[in-house]
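The next block holds one structure in the form of C-alpha cells; read it before the comments.
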Amino acid sequence: MNPAKARPRLYVVSLGCAKNQVDTEVALGAMEREGGFDLTDRPETADLLVVNTCAFIERAVSESIEAVLETAEMKRPGQRLVVMGCLVQRYGEALLRELPEVDAFLGTEGPAGLPDLVRRLAAGEGPLLDLAPAGRLPLSAPRFLTTPPWRAWLRVAEGCDNRCTYCLIPRIRGPLRPVPLPDLVAEARDLEERGVKELTLVAQDLTAYRDGGSDLAALLRRLLAETGIAWIRLLYLHPNGINSNLLKIIADNPRICPYLDVPVQHASDRILARMGRRYRRRDLDALLGRIREHLPEAALRTTVMVGFPGEGEDDFEALLEFVERWRFDHLGAFAYSDEEGAPSGALGGKVARDVAARRLDRVMSLQAGIAAERNRRRVGRVEEVLVEGVSRETDLLLEGRTRYQAPDVDGVVYITAGRAEAGGLVPVKITGAHTYDLVGEIVSGTTEDGD
C-alpha cells in the first residue's frame, strides 16, 4: 500500500470585496473536496500560491498587479502561482503575455475549477488560462470559510443588470443571476451549524434579488423562520430597490441589524443622470426620510464619488449639502477615474485629478465630524456587541462590533473592561466615542437601547 499523499500547502491572498472573498472560499472548498489542503501564512512553505484579484477601478487594478508581482517574487522552484478573479476576467489573454511569472489564470466563473487547474499544472501543462463567459459559475457551492467562525458572508446573487456608466461589473461579472432561495436557506442553516452568529447578505445589487416570485423580503422571512442566527446584516442596497415592505421587516425583526448600506454615489441630478443612476435627489430625500421614519435608530452607510466627468462646483456643493443634511453614520468616498471599456470614459468635462483629490478631502473632512457626532449619541447606552477577540491595536483590549458596525468596512468597539470569548455576544456599556470607533465596558445583564 502506498503512503498517503501529503496534503498541499496553500498560501492565499484575497483582495477586493466580500463577494470576491466568497469566490476564494468556493475555490478552497473545491480543494477541500479533492482531498484537502493546509493553509499557511508563510509563502516560502507553500506548494501553491493563489492571488484572488479585484479590478473594479484603476486603484484596485494597481493593487492587484502589485500583489501578484510581490507574490511572484517570493515564488521558489517547484511552487505554482495561480491568479484568479476580476483582473483575469477583465484582461484575459493580455495577462499571459504581461505576467509570465504566473502559471495559471482563472476567471470569475471558475473558482470551483481550481483543483482541475492544479492537476493540469502537475501534469506539465501551462501556462493556463481558464476564462469562461459569465454564467458558468456555480451559484451555490460548498465553501471553506476564511472569516472567523462566528461570521460569514452569504452571496445571494451574481452579476448585475444595472448599467451605471462608470461601472464594469456587468462586463466582468455578467447579468444578474440569483441563487435559488432554497439553496440560500440550506447554506444559512449549514453556516449556523458551523457556529455563525452574524450572517451578512451580499450581492452586486441586493435589492434586485428575485427567485421566481420571491424577493429579498421573502428571503429574509425564510431565514428568520428557518434559522436562529442572531444577526442578519444587509449590504449593497440599491436606492431604487428599497421599499416600505423591506423597511417594515427590518423594523419588526431585531435579528435583522438596523443597518442600511445605501450607495447613492452623488446628489446632483445632472451628475446622477450622467452616471446612469435611475433616481434623482428628490427620490433620495424621500427614501432617506422613510428610512429615518421607519428606523430612527438605524445606522446609515453610503458611498459617494467625486470628480465624475462634468462635476462642477455647484454639483459638488450639492453633494456636500446632501451629506450634511442626512448625516450618515458611515460614508466611503473615492475619486472617479476613467476605466477602459466604461461608457463614462467618453464623457466630456474631465475633472483634474488635483481638483478631485481636494474634493475627496473635503467630503471626508465633513464626514469625520458627522461620524464623531453620531458615535457620541451612543455613549451611555448598553449595546449588544459581537466580540472579535484581542484588539488589533493592543493585546490589552478586546475588540468587537455593535449591530451598527459592519465587518471590515466600519469602526469597532474597544472593550476596556470585562472578559469574553471571541465570537461571544455580550452587553457592553458605551463609555466613549472616537471619530469612527467606540469604547465600552462589558456589563452583566441584558442588552438594551437606552437613551
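The values are calculated or read from the model by the stated rules, or taken from the named source; none is laboratory data. Please read all numbers here as calculations on a predicted model, not as lab measurements. Here the Cβ is made from the backbone with ideal geometry for all residues, glycine too, and neighbour counts use every protein chain on show.
For the range 131-145, state whether one or more residues are modelled with pLDDT of 90 or more and not assigned by TED's automatic domain parsing to the domain that holds Gly29.
Here is the first cut: in the range 131-145, the ones modelled with pLDDT of 90 or more are 144-145.
Now restrict to residues that are not assigned by TED's automatic domain parsing to the domain that holds Gly29: 144-145.
Looking for residues that are modelled with pLDDT of 90 or more and not assigned by TED's automatic domain parsing to the domain that holds Gly29, one finds at least one in the range 131-145, hence yes.
Just to check your reading of the model, which residue among Pro115, Pro149, Pro182 is more than 26 Å from Arg221 (Cα to Cα) and not in a strand (DSSP E or B)? Please lay out each step first, then the result.
Details: Pro149 fails: more than 26 Å from Arg221 (Cα to Cα); Pro182 fails: more than 26 Å from Arg221 (Cα to Cα).
None of the others qualify; the one that does is Pro115.
Residues in the range 280-293: is at least one in contact with a helix residue (DSSP H, G or I) (Cβ under 6 Å, 6 or more places away or on another chain), at pLDDT 95 or above and surrounded by fewer than 17 Cβ atoms within 10 Å (Cβ to Cβ)?
Yes - at least one qualifying residue is present in the range 280-293.
So which residues in the range 252-269 are out of contact with any helix residue (DSSP H, G or I) (no Cβ under 7 Å at 6 or more places or on another chain) and in contact (Cβ under 8 Å) with a residue 24 or more places away in the chain? Explain how you work it out, then say what you get.
First, pick out the residues of the range 252-269 that are out of contact with any helix residue (DSSP H, G or I) (no Cβ under 7 Å at 6 or more places or on another chain): 252, 254, 257, 259, 261, 263.
Result: Cys257, Tyr259, Asp261, Pro263.
Taking Gly423, is it closer than 21 Å to Thr146 by Cα and touching a residue at least 12 places away in the same chain (Cβ under 8 Å)? Even if it seems obvious, please write down each step before you answer.
Details: closer than 21 Å to Thr146 by Cα: yes; touching a residue at least 12 places away in the same chain (Cβ under 8 Å): yes.
Yes.
Do we have any residue at all in the range 356-374 that's modelled with pLDDT under 95, among the charged types (D, E, K, R) and more than 24 Å from the chain's Cα centre (by Cα)? Spell out how you get there, then give the answer.
Applying the first criterion (modelled with pLDDT under 95) to the range 356-374 yields none.
No, the range 356-374 contains no residue that is modelled with pLDDT under 95, among the charged types (D, E, K, R) and more than 24 Å from the chain's Cα centre (by Cα).
Across the range 167-190, what is the total count of residues that are without any contact (Cβ under 8 Å) to a residue 40 or more places away in the chain and either crowded, with 20+ Cβ neighbours inside 10 Å or aromatic (Phe, Trp, Tyr) (or both)?
1
Which residues, counting only those in the range 378-397, are free of Cβ contacts under 8 Å to residues at least 40 places away in the same chain and either of a type outside the set (S, T, N, Q) or at positive phi (or both)? It would help to see each step written out before you state the result.
Residues of the range 378-397 that are free of Cβ contacts under 8 Å to residues at least 40 places away in the same chain, as a first pass: 387, 390-397.
Answer for the range 378-397, where residues must be free of Cβ contacts under 8 Å to residues at least 40 places away in the same chain and either of a type outside the set (S, T, N, Q) or at positive phi (or both): Val387, Val390, Arg392, Glu393, Asp395, Leu396, Leu397.
Quickly run through the range 1-56 and pick out the residues that are in a helix (DSSP H, G or I), without any contact (Cβ under 8 Å) to a residue 60 or more places away in the chain and either crowded, with 19+ Cβ neighbours inside 10 Å or among the hydroxyl-bearing types (Ser, Thr, Tyr) (or both).
Looking only at the range 1-56, we keep the residues that are in a helix (DSSP H, G or I), and these are 18-33, 43-45.
Narrowing the set further to residues that are without any contact (Cβ under 8 Å) to a residue 60 or more places away in the chain leaves 43-45.
Pro43, Thr45, listed by residue number.
Just for the range 213-229: of the residues that are part of a loop (DSSP other than H, G, I, E, B) and in contact (Cβ under 8 Å) with a residue 12 or more places away in the chain, which one is nearest to Leu300 (Cα to Cα)? Before you say what the answer is, go through the steps one by one.
Here is the first cut: in the range 213-229, the ones part of a loop (DSSP other than H, G, I, E, B) are 213, 227-229.
Keeping just the survivors that are in contact (Cβ under 8 Å) with a residue 12 or more places away in the chain gives 227-229.
On the way: Thr227: 26, Gly228: 25, Ile229: 22 Å.
Among those that are part of a loop (DSSP other than H, G, I, E, B) and in contact (Cβ under 8 Å) with a residue 12 or more places away in the chain, it is Ile229.
Tally time: how many residues in the range 365-400 are under 20 Å from Asp329 (Cβ atoms), buried (at least 16 other Cβ atoms within 10 Å of the Cβ) and among the hydrophobic types (A, V, I, L, M, F, W, C)? Before the answer, list the steps.
Taking the range 365-400 as the starting set, the residues that turn out to be under 20 Å from Asp329 (Cβ atoms) are 365-386, 388, 399-400.
Narrowing further to those that are buried (at least 16 other Cβ atoms within 10 Å of the Cβ): 366-367, 370-371, 374-375, 378, 381-386, 388, 399-400.
Next, from what is left, pick out any that are among the hydrophobic types (A, V, I, L, M, F, W, C): 366, 370-371, 382, 385-386.
Adding up the residues that qualify gives 6.
Does Val351 qualify as being modelled with pLDDT of 95 or more, surrounded by 14 or more Cβ atoms within 10 Å (Cβ to Cβ) and closer than 29 Å to Val426 by Cβ? Explain how you work it out, then say what you get.
On the way: modelled with pLDDT of 95 or more: yes; surrounded by 14 or more Cβ atoms within 10 Å (Cβ to Cβ): yes; closer than 29 Å to Val426 by Cβ: no.
No; evaluated as a whole, the condition is false for this residue.
Can you tell me how many residues within the range 416-425 are closer than 14 Å to Val382 by Cβ and either more than 25 Å from the chain's Cα centre (by Cα) or assigned to a loop (DSSP other than H, G, I, E, B) (or both)? Give the derivation first.
Taking the range 416-425 as the starting set, the residues that turn out to be closer than 14 Å to Val382 by Cβ are 417-418, 425.
Subset that is either more than 25 Å from the chain's Cα centre (by Cα) or assigned to a loop (DSSP other than H, G, I, E, B) (or both): 417-418.
Qualifying residue count, the range 416-425: 2.
Name the residues in the range 155-179 that are closer than 11 Å to Ala203 by Cβ and either in the same structural domain as Thr53 (by TED's automatic domain parsing) or in a loop (DSSP other than H, G, I, E, B) (or both), would you? Don't jump to the end; show me each part of the working.
Looking only at the range 155-179, we keep the residues that are closer than 11 Å to Ala203 by Cβ, and these are 155-160, 169, 173, 176-179.
Hits for the range 155-179 are Val156, Gly159, Cys160, Leu176, Val179.
Look through Ile232, Ile249 and report the one residue that is touching a residue at least 24 places away in the same chain (Cβ under 8 Å) and either crowded, with 20+ Cβ neighbours inside 10 Å or in a strand (DSSP E or B) (or both).
Details: Ile249 fails: either crowded, with 20+ Cβ neighbours inside 10 Å or in a strand (DSSP E or B) (or both).
Just a single option satisfies the conditions, and that option is Ile232.
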